[in-house]
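Working notes, structure below.
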Amino acid sequence: MLKSFKPVLLGSVLFAASALCAADSDLERVMKERNLSEKDVLAAAKTYQPTGRKDDYMVFSSGGQSGQVIVYGVPSMRIYKYIGVFTPEPWQGYGFDEESKAVLRSGSINGKEINWGDTHHPNFSEKNGEYVGDYLFINDKANPRIAVINLSDFETTQIVVNPVIKSDHGGSFVTPNTEYVIETSQYAAPFDNDWHPIEEYQAVYRGAVTLWKFDYDKGKIDVNKSFSLELPPYMQDLSDAGKGESFGWAFTNSFNSEMYTGGIEKGLPPMEAGMSRNDTDYLHVYNWQILEKLAQDSKNYKVVNGHRIVTIDAAVKAGALFLIPEAKSPHGVDVSPDGRYIIIGGKLDTHASVYDFKKIKELIDKKEYAGKDPYGIPILDMQKTLHGQAELGLGPLHNTFDSQDGVIYTSLYVDSQIVKWNYKTLKVLDRINVHYNIGHLDSMEGKSSKPVGKYVIALDKLSIDRFNPIGPLHPQNHQLIDITGPKMEMLYDLPIGLGEPHDVVSIAASKLHTKPTYTMGTNSRTGKQHPAMTLAGQERIERDGKNVKVYATAIRSHINPEHIEVNKDDNVTIYMTNLERAEDETHGFTVDDYDLHMSLEPGKTASVNFIADKEGVFPFYCTEFCSALHLEMFGYLYVKDPNKKYTSAKASMLKALSPEALKAEYDKVVATNKATDDVIQSVVKFLKEKNYEKYPKVKALVDDALDQYGKIPETKAKADAAVKAGDMNGAILWEGQVWQYLVKTADVGLRAKNNLIRELSTPMSEAASNGEKAYLRGGCNGCHVIGQVSSGPDLTGVLLRHENGEKWVADFIKDPAKFYEDDYVKAMINYFNLRMPNQHMKDEEIKDIIEYLKWVDENAGLN
Ligand code: CUK
Ligand code: CUA
């Protein structure tokens, strides 16, 4: 097996240039030890991201019963974030600070707080049916709601509650220019909130599709401009918006054309039997552009709970609503990228049905109907609208598309397979087993009007035997499949340890434009400046009767104020602004025992509010390990009962230091500060000489460093004043604070310097870059550290050290043993007590390494 392995690897990207004996044998050994086949290693090579390498696609997965959204990368399948959406998420402070609570609580239903959600279908904002990485929408099936997530910071900014339906499933689907977000009911129920017995099912219970109007510039659903369309109680299911040819239309499945109502407890056959009795159910076809107009005239709609519902009658009269029979109890409905075909998974049928919108439109235009349903909705003939059916296997559920014309992938729930087929020719092309019981699937940007394909992700419901056991509740399994070849290839299993995701959407990473930090004082949930933004020097505590407002700041590494004193039962609000401007310098904030938390990314202002109903002393602290003095970043909340008498204990137990000892300590701090400042000055000199202002990223870091540095004079003055006043204790503490600022300045300053060096170094030629790779592959860096003497000599300037240096170095690498008796080399061997080994480099590699060393020399001045 290993024999045949070599040529495969030689041809592969990973090892193309290598072919070093050492590398091959290491690889073979690891493969043997870990029992990996060639295919495994190839799959690893297709998914592995070396440290620092970023993913090509970002995947947004519904979090199922966790009520959140899970974000991971492709091809690495590394998880990046869990976005709090319908459920509190403490890390982000979601549901624990006031700003996010305002969002979460706007999802309360009829006054009841809802703290969980069943998220099913995420979707991106679209332009011309193509994904735009500005917003993500997701539905909550259990408590019919839609959430808006702003993709500039991956935060949930809005939740709207559906005023008329009681559960949803066909959401959140987006029309091609994000005009509307579609939400369709699942289980029919009365629109109003009154009691209606099941006998009134056909008369009063209803389904509906709600068209939520999206205001793109505001990034918000406009509730007042949104409306619904009344539908019969057929148990509507998944939906999709038309595009291209079918622009303006939308399609929704259903599974209870029987209008069966169950009653197992009364001895009646269960729902599942009654609702799968008919051979066909109904595909709902409706035109949102016509409905939009109908919703402007009150004779076309009724108002329930303050929301407009266009009636079935009005829609039918205006030619905006039709039904087409579809094979019984279908599930997924997906419109092809060009909008011409509508593909429906059979679920209880082994077929997928392909409807041709052209044919549908013709029948509509000719008003050629096969009949009417009991609600007067015209029915179009199934056979006359079908392009055809393809026999795929057991339990076809969902579809996703490829970049190749006509190619579609369909999940088979019962067969645990993905079928690749062509919806135009109706031919099956390939199938692959997945593990197990797949629901949705998604190719890259697979449901947009321009699918990329490349990979398919299979969302498997079951994962038995795939992963280490973690108890009876198993993770879901998201499998990554390579679809670039004629045969699908399994690459990777990702256990999802948070809820049962139903669907994912994926987008090219380059289409996401996230902000690195917030503009100072931003309320991240509104995107606007927070009215309580507090800048350095504005920290204060304001009291108005029982209301206490604390305007606080956080910056490495202190919270200001550090002591907050309130009375029992005061209504306390702490507004906090993170004054940091550097990326990734997040602070968190909590008050012990009060069930509060906020996450403060750089520039953010957030707040916590609580009734100080418990007397005592409560530490508050920064919850992110933000600096070497993070543990010191804390303070105390004192809650005092104003009606109680307290006895005081002895104030201090420490003996005072002698004046000499104090002086010695003071001198030591001052000397340390001087030394630290020297380091800073050398960095500053380097930065200035190299015109750091020209590089925005470096400039941001330097600005941040100077922020810290700028606080020194004021602090130093306090130290000097303390010396003058004879308060050596105070002087030592203030000088200590000066040191804090110096250290933070140095920390950020050095980061700026490293950044600048990267900016300034001349770009590597291809040869030099290959040379660096060969250098690293050969393990040269094990002994030689560039810019530094290590267990071998520094190679900076090595080409200049010898006459005819390039040739000398090349010969030396080729056959070091030849030089062992050479005077210079002998001296080196003695000094380092090591001999340069023969790394069996090929001539081409040696040539490249020389190029690399030239590049090192060119940039030597930057160290
Ligand atoms: S649904 Cu769950 S597998 Cu909500 Cu799209 Cu089909
Ligand atoms: Cu700020 Cu830890």
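The values are calculated or read from the model by the stated rules, or taken from the named source; none is laboratory data. Worth saying up front: this structure is predicted, and the values here are computed from it rather than measured. Cβ atoms come from the backbone with ideal geometry, glycine included; neighbour counts cover every protein chain shown. For the accessible areas, the whole protein counts, side chains as well, though only heavy atoms, and no ligand, DNA or RNA atoms are used. Shrake-Rupley method; radii C 1.70, N 1.55, O 1.52, S 1.80 Å.
Sorting the segments 851-858, 759-766 by their residues' average number of neighbouring beta-carbon atoms within 10 angstrom, most packed first, yields 851-858, 759-766.
Sparse packing (at most 13 other Cβ atoms within 10 Å of the Cβ) combined with a DSSP loop state is found for the following trypsin sites (Lys or Arg not before Pro) in region 351-405: 367. Rounded to the nearest 20 debye, the dipole magnitude of region 658-758 is 580 debye, with +1 charges on Lys and Arg beta carbons, -1 on Asp and Glu beta carbons, and the Cα centre as origin.
Computed on the Cα trace of region 528-638, the radius of gyration divided by the Kirkwood hydrodynamic radius gives Rg/Rh = 0.94. Eigen-decomposition of the gyration tensor built on the alpha-carbon atoms of region 95-168 gives equivalent ellipsoid semi-axes of 22, 16, 9 angstrom, largest listed first. Rg/Rh for region 140-241 (Cα atoms only, Rh after Kirkwood) is 1.01.
Both the radius of gyration and Dmax for region 711-760 are 15.3, 50 Å, in that order, over alpha-carbon atoms. Put simply, the amide H of residue 114, placed in the peptide plane, has neighbours under 5 Å in 108, 109, leaving out anything fewer than 5 places away on its chain. Treating only the Cα positions of region 766-860 as identical point scatterers, give the base-10 log of I(q)/I(0) from the Debye formula at each q in 0.11, 0.12, 0.21, 0.25 Å⁻¹. For the requested q values the scattering log ratios are -0.28, -0.33, -1.14, -1.69. Among DSSP beta bridges whose residues both lie in region 528-638, state the antiparallel percentage, nearest 5. Of all bridge pairs located within region 528-638, approximately 70 percent are antiparallel.
Per residue, how much accessible surface does region 528-638 expose to a 1.4 Å probe? Answer in Å², no decimals.
Per residue, region 528-638 has 43 Å² of solvent-accessible surface.
The charge dipole of the chain, taken about the Cα centre with unit charges on the Cβ atoms of Lys, Arg (+1) and Asp, Glu (-1), comes to about 580 debye, rounded to the nearest 20. Quantify, in whole percent, the carbon and sulfur part of the accessible surface of the chain (1.4 Å probe; protein heavy atoms only). Result for the chain: 54 percent of the exposed heavy-atom area is carbon or sulfur. The share of alpha-carbon pairs in the chain lying farther apart than 49 Å comes to 38%.
Per-residue Karplus couplings for region 647-662, computed as 6.51 cos²θ - 1.76 cosθ + 1.60 with θ equal to phi - 60°, are listed in order as 8, 9, 9, 4, 6, 9, 10, 7, 7, 6, 6, 6, x, 5, 4, 5 Hz, Gly and Pro entered as x. Between helix 823-832 and the chain there is an angle of about 70 degrees, using the helix long axis and the longest principal axis of the Cα atoms. From the alpha carbon centroid of region 437-476 to that of region 244-279 is 27 Å. Placing +1 on each Lys and Arg Cβ and -1 on each Asp and Glu Cβ, with no other charges, gives region 766-860 a dipole about its Cα centre of roughly 300 debye. Loop-resident GluC sites (Glu not before Pro) (DSSP state other than H, G, I, E or B) in region 63-156 with no more than 15 further Cβ atoms inside 10 Å of their Cβ: 113.
For region 169-209, the calculated P(r), taken from all Cα-Cα distances in 5 Å bins from zero up to the bin holding the longest distance, is 6, 22, 22, 16, 13, 11, 7, 3, 0 percent. Across the chain, the relative contact order, built from alpha-carbon pairs under 8 Å that are at least six residues apart, equals 7 percent. Selection among 757, 93, 232 by position relative to the dipole of the chain gives 757 as farthest towards the positive end (Cβ unit charges, Cα centre). In order along region 319-328, phi translates into HN-Hα couplings of x, 10, 9, 9, 10, 10, x, 9, 3, 3 Hz, rounded to whole numbers, per the Karplus curve 6.51 cos²θ - 1.76 cosθ + 1.60 with θ = phi - 60° and x for Gly and Pro.
Residues in region 509-526 carry Karplus couplings, in order, of 4, 5, 8, 9, 10, 8, 8, x, 8, 9, 4, 3, x, 7, 7, 5, 7, 10 Hz; the curve used is 6.51 cos²θ - 1.76 cosθ + 1.60 with θ = phi - 60°, and Gly or Pro positions show x.
Averaging Cα coordinates gives a centre for region 133-185 and one for region 516-567; these two points are 32 Å apart. Of the residues 605, 59, 131, the one whose Cα sits farthest toward the positive end of the charge dipole of the chain, with +1 on the Cβ of Lys and Arg and -1 on the Cβ of Asp and Glu, is 605.
For region 658-758, the Cα-based Rg and Dmax, in that order, read 15.8, 52 Å.
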